[in-house]
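To start, the structure under review is shown below, and the notes come after it.
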Amino acid sequence: MARIAIGGFQHETNTFAPVKAGFADFEMADGWPGLTTGDALFEVFRGINLPLPGFIEQAKAAGHELLPLLWCSASPSANVMRDAYERIAGDLVSGIKALSRLDAIYLDLHGAMVAEHLEDGEGELLERIRKIVGPDMPIVVSLDLHANLTERMVRHASALVVCRTYPHVDLAETGARSAEVIDRLLKQGPLAKAMRRADFLVPLPWQCTLIDPAMALYGEVAASETRNAAASASFAFGFPPADIHECGPAIVAYGETQAAADRVADNLIGALKSAERDFAGKIWSKDEAVAHAMLKGLSGRPVILADTQDNPGAGGNSDSVDLLEALIRLKAEGAVFANLYDPETARIAHEAGLHNSFERAIGAWCGSPGLEKLSGRFEVLALGDGSFKATGPFYRGNHMQLGPMALLGIGGTKIVVTSRKQQAADQAMLRHLGVEPAQQKVLALKSSVHFRADFQPIASEILIVAAAGDNPVDNSTLPYRHLRKGLRLMPLGRAFAG
């Protein structure tokens, strides 16, 4: 039996987003639990689709003693503030220092954290920990599919284990795979490593593993572990709206020998490069998408409009009302717009009361360039406290805490308003306010891909819409400054000149 320290520190950083993440954002519960320490990790996370509980269950089954540190996350946003990073990283490091005997470390990280003072938040944390525990202690890290893998992460971690689905329905499974890798390291010693990079970025909607080419590529990743006798193989698409040198897709493989690790990494990077031209799809303008949805949407089989450029899961502030304006102007009867993050509007709706109305300019409160408010008279159709159980595959097992919520009506469109920022990726968010998603004609959801896990089964069509927001679907429109020279901003697109 080994003594394994466990913890987590998660943030996905959109360096072009308007709002940074402070310490309070990591303390606050939203779609995931707030900052949790000590033995509470074993109870708070039980049954949730996150890597940490998956690791705990598998490692305990293997007979290991687990030493809990802390776990926290903040909703994707701009850079993590220096103070927040140093407080949390400092607590993790000091917690490890305080342990009298330690055999291994497991960390549940994201892989795309950028702090105010650091391009590579995870690599910095791992380097600090490695300096404490020495070169030989196994350190295994689970990462998100959107991780921007860095050479420093690979160097200081004994193994990186990346999730394989987007929507991320296998997060707990990824934690369990991490426990299997750490068990192997403890019993058999270190593994050889190989890392390879792609030279193009892939927009988030086309990273979806429910469709090809991503579905086929991740099938190859899993098959490579058996076909080529790899101990572990991982592929991360990267997170395009992170303006850092090592942004983009990468492969990491581990084997008993360097030759085995190299063979797997070479095969997988070859498959990725061969698929470059297939990472494209139709992007709809807002008016075009709304008009099409009004023609095709049926109660029982709604058309879904993915408001991807204001996806709070990618650093958008979820306060753009650009697509909402088109729904109202084009008189989209039977449409639902979710989720609008606007705490002040939610407060006013609760003050006004059920079935009453109020006039207000809603949305666009974060100050992002190009966003405009939407003025009108809104009827309060339903109110909620934002506390409810998630029912979909992505947020599985978690208790949502989105603060005061309201369902507003204007014309034939309904608007789901929340007091905490969370992408619309679970049908329970709408049902909390009395809206049955399948009975609507049009669902406009602020999400890029995660909504598909719960909403795709009820959809007649899914349209990717380019409305205003801080997560452009076309990476070539972003004002990058720090990417490596020659990286193509889109599949088969122009290269970054530096």
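Of all residues in segment 350-365, one or more are at pLDDT below 95 and not assigned by TED's automatic domain parsing to the domain that holds E43. Listed conditions (1) of a type in the set (D, E); (2) touching a helix residue (DSSP H, G or I) at 6+ places or on another chain (Cβ under 8 Å); (3) within 30 Å of S75 (Cα to Cα) are all met by E220, apart from (3). Among the conditions (1) under 25 Å from P135 (Cβ atoms); (2) surrounded by 24 or more Cβ atoms within 10 Å (Cβ to Cβ), the only one that R101 does not satisfy is (2). When restricted to residues that are crowded, with 20+ Cβ neighbours inside 10 Å, more than 21 Å from the chain's Cα centre (by Cα) and part of a helix (DSSP H, G or I), segment 221-246 contains 1. Residues that are surrounded by fewer than 19 Cβ atoms within 10 Å (Cβ to Cβ), of a type in the set (A, V, I, L, M), more than 16 Å from Q422 (Cα to Cα) and over 24 Å from the mean Cα position of the chain (by Cα) are absent from segment 331-343 altogether. Of the residues examined, Q456 is not one that is over 23 Å from the mean Cα position of the chain (by Cα) and either modelled with pLDDT under 95 or closer than 30 Å to K296 by Cα (or both). Scanning for something at pLDDT 95 or above and within 15 Å of G313 (Cβ to Cβ), does segment 484-496 turn up at least one residue? Checking segment 484-496: not a single residue is at pLDDT 95 or above and within 15 Å of G313 (Cβ to Cβ).
Filtering A24, A29 for residues that are over 27 Å from G248 (Cβ atoms) and not in a loop (DSSP other than H, G, I, E, B) leaves a single hit, A24.
For segment 277-297, check the following and say yes or no: at least one residue is under 25 Å from G486 (Cα atoms), aromatic (F, W, Y) and in contact (Cβ under 8 Å) with a residue 24 or more places away in the chain. Checked segment 277-297: at least one residue is under 25 Å from G486 (Cα atoms), aromatic (F, W, Y) and in contact (Cβ under 8 Å) with a residue 24 or more places away in the chain. Being under 27 Å from the mean Cα position of the chain (by Cα) and not in a helix (DSSP H, G or I) is the filter here; which residues of segment 54-69 pass it? L66, L67, P68, L69, listed by residue number. If you go through segment 104-143 and keep only what is surrounded by fewer than 24 Cβ atoms within 10 Å (Cβ to Cβ), of a type in the set (D, E, K, R) and under 21 Å from I244 (Cα atoms), you end up with E116, E119, D120, E124, E127, R128.
Per-residue answers, yes or no, for (1) touching a strand residue (DSSP E or B) at 6+ places or on another chain (Cβ under 7 Å); (2) in the same structural domain as L171 (by TED's automatic domain parsing); (3) in contact (Cβ under 8 Å) with a residue 40 or more places away in the chain; (4) more than 16 Å from L407 (Cα to Cα):
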position	(1), (2), (3), (4)
A438	no, no, yes, yes
V442	yes, no, yes, no
H450	no, no, yes, yes
A459	yes, no, yes, yes
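Scanning segment 209-220 for residues that are touching a residue at least 12 places away in the same chain (Cβ under 8 Å), among the aliphatic types (A, V, I, L, M) and either out of contact with any Leu (no Cβ under 7 Å at 6 or more places or on another chain) or not in a helix (DSSP H, G or I) (or both) yields a total of 3. Inside segment 133-159, can you point out the residues that are under 16 Å from L52 (Cβ atoms) and out of contact with any Asp or Glu (no Cβ under 9 Å at 6 or more places or on another chain)? Of everything in segment 133-159, those that are under 16 Å from L52 (Cβ atoms) and out of contact with any Asp or Glu (no Cβ under 9 Å at 6 or more places or on another chain) turn out to be I139, V140. Candidates are the residues of segment 467-479 that are surrounded by fewer than 21 Cβ atoms within 10 Å (Cβ to Cβ) and either part of a loop (DSSP other than H, G, I, E, B) or small (G, A, S) (or both); the one that is nearest to the chain's Cα centre (by Cα) is P472. Of V154, V161, V202, all but one fail to be assigned by TED's automatic domain parsing to the domain that holds P53 and surrounded by fewer than 21 Cβ atoms within 10 Å (Cβ to Cβ); the exception is V154.
For the condition in contact with a Leu (Cβ under 6 Å, 6 or more places away or on another chain) and not β-branched (V, I, T), P343 does not qualify. Restricting segment 261-318 to residues that are assigned to a strand (DSSP E or B) and surrounded by fewer than 21 Cβ atoms within 10 Å (Cβ to Cβ), the residue that is farthest from the chain's Cα centre (by Cα) is L298. Among the residues of segment 212-227, just one is over 15 Å from A250 (Cβ atoms) and touching a Lys or Arg at 6+ places or on another chain (Cβ under 8 Å), namely A222. Of all the numbered requirements in (1) free of Cβ contacts under 8 Å to residues at least 24 places away in the same chain; (2) part of a loop (DSSP other than H, G, I, E, B); (3) polar (S, T, N, Q), S94 misses one, and that requirement is (2).
Within segment 37-53, restricting attention to residues that are over 16 Å from the mean Cα position of the chain (by Cα) and surrounded by 20 or more Cβ atoms within 10 Å (Cβ to Cβ), the residue that is farthest from G403 (Cα to Cα) is P53. Note on segment 347-367: residues that are surrounded by fewer than 24 Cβ atoms within 10 Å (Cβ to Cβ) and either in a loop (DSSP other than H, G, I, E, B) or small (G, A, S) (or both) amount to 11. Restricting segment 374-417 to residues that are among the small types (G, A, S) and out of contact with any Gly (no Cβ under 8 Å at 6 or more places or on another chain) leaves a set whose member that is surrounded by the most Cβ atoms within 10 Å (Cβ to Cβ) is G384.
The values are calculated or read from the model by the stated rules, or taken from the named source; none is laboratory data. Since this is a predicted model, take the numbers as computed values, not measurements. Counting neighbours? That spans all protein chains shown, and the Cβs are built from the backbone with ideal geometry, glycine included.
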